[in-house]
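Bear in mind that the values in this text are calculations on the coordinates, not laboratory data. These figures come from a predicted structure and were not determined experimentally. Cβ placement follows ideal geometry from the backbone for every residue including glycine, while neighbour counts extend to all protein chains displayed.
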Amino acid sequence: MREFLLGNEAIARGAWEAGVKFVSGYPGTPSTEIIETLAMRFPETNPRWSANEKVAFEEGMGAAIGGLRVLVTMKHVGLNVAADAFMVFPYSGTNGGFVVISADDPGMHSSQNEQDNRYLARVGKVPVLEPSDAQECHDFMIAGLELSEQFKSPVMLRTTTRLAHHKGLVEVGERREVEKKEFVRDAKRFSVPIYRLIRRPEVEKTLNALTDYAETCSFNRMEHNDNKSIGVVTSGIAYQYVKEVMPNAGVLRLGMTFPLPANLLREFCSQYETVYVIEEGEPFIEEYMRNLGITNLKGKEIFGLIGEYSPGRLRSALALGDPPKPFTEQVNLIPRPPMMCVGCGHRTVFAALKQLKVTVSGDIGCYTMGALPPYEAEHTTFCMGASIGVAVGLEQAGHEDTVAIIGDSTFIHSGIPPLIDAVYNKSQLTLVILDNSATGMTGSQQNPASGKNLLGEETPKLDLEAFCRATGVGSVEVVDTWQRKEIVNTIRRAIAYKGPSVVIARGPCNQLPEIKKRHVIPFIVEEELCTKCDACFKVWCPAITRTEQNFPVIAANECTSCTVCAQVCPTDAIKLAEAFA
Amino acid sequence: MNTYSLMFAGVGGQGSLLIAELTSLAAVSAGYDTKQTEVHGVSQRGGSVETHVRFDRVAKVHSPIITPGEAFAVIGLEKLEALRFAHYVDPKNGTIFINDHELIPASVADAEKIYPHETVEYLKSMGLRVIALPASKLARDLGDGRMANVVLLGALSTILPIPQDVWEKTIKHRIPAKYLEGNLKAYQAGKEMMS
């Protein structure tokens with residue numbers, strides 16, 4: 001049977017078929033749909049959202065040494081968070097099959113950097129599989145678990161944005177239950193630091209065995225051509241672009257890109273006059289080949305290092321013709337930047353921060369858009385949880401007016417140790433937690449502050465205010481995020497407070513299913529009272545546009561009844577539709 | 001030509017992804033090898049959304065991404081987005097469908113003044129085949145302006161090699177019962193505009 005599946009859905013399907021019994025991860029584009037699909041279609045795989053990627057990896061590690069087949073998912077930068085566990089797991093090796101997804105993002109469609117996690121795998125000595133289409137996402141998921149069990153090694157399945165977010169036809173199968181492996185208490189294997197000297201040679205033994213395996217495994221495939229002028233070494237989705245642009249070239253397709261097969265590469269390159277190395281991301285394969293002494297290569301110097309590849313880009317690089325450029329000559333191709341949703345509770349906070357003219361250290365979430373016009377009220381953003389540490393550092397550098405902002409999910413993910421540290425080191429930190437009870441940017445997933453888990457079951461809701469007080473923060477205030485005056489006043493009080501202070505701006509994300517479903521009475525503009533002062537436009541709500549007579553008009557089917565525009569109207573011309581009727 | 005490449009362009013929330021998916025599913029049902037991919041930025045809400053669909057009966061479809069200049073059709077749910085992706089059309093054999101509808105980017109200063117209101121005329125002056133359709137207006141007349149996407153799908157279906165019964169079956173299969181009747185009407189209205 002064939003299904004038309006997203007790369008991520010194909011991975012989920014493969015995991016289910018392979019008898020996976022534990023799945024953990026943290027939402028992150030482009031990996032999120034794997035766990036969402038498992039929750040929706042294959043709950044017997046026991047999927048969950050974890051507090052962060054390190055926790056997810058460690059839970060997966062425990063489940064795998066405990067004997068289950070395991071999948072752990074994260075985006076590329078998530079692996080940085082999990083790296084501590086990732087780097088040590090090969091020292092003990094696994095028991096049940098263990099696959100970790102690293103969803104890399106060439107082009108940085110939704111990420112802060114473009115790191116190529118094949119390098120992390122090399123540092124950790126973890127084998128890497130790179131599928132090239134949705135079918136292989138499915139197949140490599142299953143084969144990855146088998147490989148993991150064969151070599152008792154964790155396996156990285158590296159996807160990229162295009163692979164994860166494209167759909168194709170996938171031949172699917174049925175679930176096959178796999179017997180749980182026995183867990184034997186064995187400190188000499190699983191207590192790595194104490195017995196590290198025993199474990200260290202084992203890591204090299206496994207890696208050597210994997211290197212031999214790479215030479216002959218079916219992940220790597222030669223597609224020879226009679227014309228020996230041009231050969232291509234490629235991996236991942238780039239293989240598809242090569243097949244499209246250079247249908248007659250000889251190809252060595254590497255489905256396993258760590259460890260790399262030296263003999264296979266030498267043999268392939270010896271048969272072709274010129275060999276192109278076409279891989280998205282860093283020159284990971286290319287550098288290895290150059291280090292082998294292979295010289296008839298062309299790679300990054302013509303295809304480039306930065307951004308996503310495409311057939312058009314390959315054609316240009318190979319001088320096979322330049323695709324047409326966008327029409328920008330006579331007409332204005334103005335941008336359409338992303339913006340906060342209608343009724344988003346973050347708006348009032350950014351309006352307040354702008355009004356207070358403070359320095360804002362931001363964090364990862366929808367609220368990174370606070371750095372863009374019209375607010376331009378977020379001045380640093382780096383990585384998950386960095387808002388707090390950066391604010392503490394800025395304070396030490398004399399910028400005491402700094403306010404840190406962080407969402408509830410990001411706070412739970414990486415904001416807790418820096419808050420404890422800020423209190424411990426006597427900072428004057430002012431922290432605003434944007435608590436919308438959801439992991440918003442990736443699609444409003446559940447988290448420990450939402451009171452529900454991935455499967456929608458009730459679960460204890462983290463009491464953020466009690467938690468902050470327990471760290472020693474002296475002033476913790478909770479405020480309704482849609483009360484704009486109260487937001488300003490509360491943040492002002494928090495800044496003035498001597499000692500660390502926290503403001504929790506609370507209000508549910510409008511994208512949560514239960515919020516989307518509720519009945520909303522929209523606001524409308526009573527034109528007789530409207531003086532066209534434009535105050536409501538300064539709320540920057542996308543539901544407010546102009547009539548031909550220049551009156552504001554609120555889109556009734558979009559309005560979330562957040563009240564903010566009515567709060568700013570000096571003539572009370574904005575009213576609930578019901579009241580007007 | 002063997003591979004049909006289609007580019008769907010719109011603003012997040014307009015339903016360009018839905019009609020791209022309906023097209024892919026119809027192509028799959030009709031026996032074509034099919035690939036689809038969606039490109040969007042940090043937030044899909046209110047930003048540009050582009051969806052690529054490619055299908056082929058004879059050969060395997062390799063790349064899900066279309067190269068500018070090769071699209072058999074560009075389907076723009078909004079003028080500015082149609083213009084942003086118009087260069088993807090095959091200048092000789094391709095068609096650009098444009099919903100005669102403007103969504104002014106709210107967060108761009110003076111957007112109303114600098115918005116490309118003359119998109120249709122400009123693209124025609126470039127020698128391209130452009131079909132401008134009042135899809136939003138038609139959809140509103142049918143009871144819900146949000147069905148403009150399916151009106152455009154009806155128009156698009158008339159130039160694709162997928163049989164009519166497959167289109168209808170796909171729509172019935174994919175659209176929730178509550179919205180089905182309206183969407184079938186919208187689809188029909190789009191088709192009729194092309195006859």
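In this structure, the pairs whose alpha-carbon distance is over 31 Å, taken from A:Lys575/B:Lys79; A:Lys243/B:Lys185; A:Lys54/A:Lys461, are A:Lys575/B:Lys79; A:Lys243/B:Lys185. Give the separation of the Cα centroids, the stretch A:134-170 to the stretch A:230-271, in Å. Measuring centre to centre over Cα atoms gives 18 Å. Note that the stretch A:519-580 carries a Kirkwood radius of 11.4 Å, evaluated over its alpha carbons pair by pair.
Rounded to the nearest 500, the helix-only mean residue ellipticity at 222 nm of chain A stands at -10000 deg cm²/dmol, with each DSSP H run of n ≥ 4 adding -39,500 (n - 2.57). A Cα-only calculation for the stretch A:64-186 places Rg and Dmax at 14.8, 45 Å. Amide hydrogen proximity for B:Val130: with H placed 1.01 Å from N in the peptide plane, the residues at 5 or more positions away or on another chain lying under 5 Å are B:Ile96. Here the spin labels are modelled as points 7 Å beyond Cα on the Cα-Cβ line, and at A:Arg492 and B:Lys169 they lie 6.7 nm apart. Among DSSP bridges having both ends in the protein assembly as shown, what percentage is antiparallel? Round to the nearest 5. Roughly 35 percent of the beta bridges in the protein assembly as shown run antiparallel, per DSSP. From the Kirkwood radius over Cα pairs of chain A, Stokes-Einstein at 10 °C and 1.306 mPa s returns a whole-number translational diffusion coefficient of 60 µm²/s. Relative to the longest principal axis of the Cα atoms of chain A, the long axis of helix A:484-496 lies at roughly 80 degrees.
So if the hydrodynamic radius of the stretch A:221-338 is defined as the Kirkwood radius over C-alpha pairs, what does Stokes-Einstein give as its diffusion coefficient at 4 °C and 1.567 mPa s, in µm² per second? Answer from the Stokes-Einstein relation: 84 µm²/s. Counted over the stretch B:1-43 with a bin width of 5 Å, the fraction of Cα pairs per bin, in whole percents, is 5, 20, 29, 22, 13, 8, 3, 0. With angles folded into 0 to 90 degrees, how steeply does helix A:32-41 sit against the dominant principal axis of chain A? Use alpha carbons for both and round to 10. Roughly 90 degrees between the two axes. The spacing between the stretch A:64-133 and the stretch A:481-520, judged by their C-alpha centroids, is 36 Å. Positive end of the dipole of the protein assembly as shown (Cβ unit charges, origin at the Cα centre): among A:Leu197, A:His346, B:Gly47, the Cα lying farthest that way belongs to A:Leu197. Overall size of chain B from C-alpha positions, given as principal axis extents largest first: 48, 37, 36 Å. The phi-based Karplus calculation (6.51 cos²θ - 1.76 cosθ + 1.60; θ = phi - 60°) puts the 3J(HN,Hα) values of the stretch B:187-195 at 4, 4, 4, x, 4, 5, 5, 8, 8 Hz, whole numbers, x for Gly and Pro. As a test, work out the antiparallel percent of DSSP beta bridges whose residues both lie in the stretch B:4-193, rounded to the nearest 5. Once the DSSP bridges in the stretch B:4-193 are tallied, antiparallel ones form about 55 percent. Could you tell me how far the Cα centroid of the stretch A:173-218 sits from the Cα centroid of the stretch B:1-79, in Å? Their Cα centres are 43 Å away from one another. If one puts a single equal scatterer on every Cα of the stretch A:358-427 and applies the Debye formula without solvent, what log₁₀ I(q)/I(0) results at q = 0.19, 0.22, 0.27, 0.28 Å⁻¹? So the normalised log intensities work out to -0.68, -0.88, -1.20, -1.25. Annotation for the stretch B:77-134: trypsin sites (Lys or Arg not before Pro) lying in DSSP loop with at most 11 further Cβ atoms inside 10 Å of their Cβ are B:Lys92.
Relative to the longest principal axis of the Cα atoms of chain A, helix A:346-356 runs at roughly 70 degrees. Across chain B, Cα pairs under 8 Å and at least six residues apart give a relative contact order of 19 percent. Hey, what number do you get for chain B at 222 nm if only DSSP H runs of n ≥ 4 count, each worth -39500 (n - 2.57), divided across all residues, to the nearest 500? Value at 222 nm, helices only, nearest 500: -11500 deg cm²/dmol.
Couplings 3J(HN,Hα) for the stretch A:12-23, derived from phi with the Karplus relation 6.51 cos²θ - 1.76 cosθ + 1.60 (θ = phi - 60°), are 4, 4, x, 4, 5, 4, 7, x, 4, 10, 8, 9 Hz, where x marks Gly and Pro.
Pairs of Cα atoms nearer than 8 Å and 6+ residues apart set the relative contact order; for the stretch A:346-515 it is 22 percent.
For the stretch A:155-245, GluC sites (Glu not before Pro) are listed when DSSP marks them as loop and at most 16 other Cβ atoms sit within 10 Å of their Cβ; the list is A:Glu174, A:Glu177, A:Glu179, A:Glu182.
Computed from phi, the 3J(HN,Hα) profile of the stretch A:247-254 under the Karplus parametrisation 6.51, -1.76, 1.60 (θ = phi - 60°) reads x, 9, 7, x, 10, 10, 8, 9 Hz, with x in place of Gly and Pro. Residues whose amide H comes within less than 5 Å of that of A:Thr73, counting only those at least five positions distant or on another chain, are A:Ser24, A:Gly25, A:Tyr26, A:Ile101 (H built at 1.01 Å from N in the peptide plane). Shape descriptor for the stretch A:346-515: Rg over Rh equals 0.94 (Cα atoms; Rh from the Kirkwood inverse mean 1/r). Annotation: amide H-H contacts under 5 Å for A:Val232 (H modelled 1.01 Å from N, sequence separation of 5 or more, or interchain): A:Gly250, A:Val251, A:Leu252, A:Tyr276. The GluC sites (Glu not before Pro) of the stretch B:98-195 meeting both criteria, a DSSP state outside H, G, I, E and B (loop) and at most 15 other C-beta atoms within 10 angstrom of the site's C-beta, are B:Glu102, B:Glu118.
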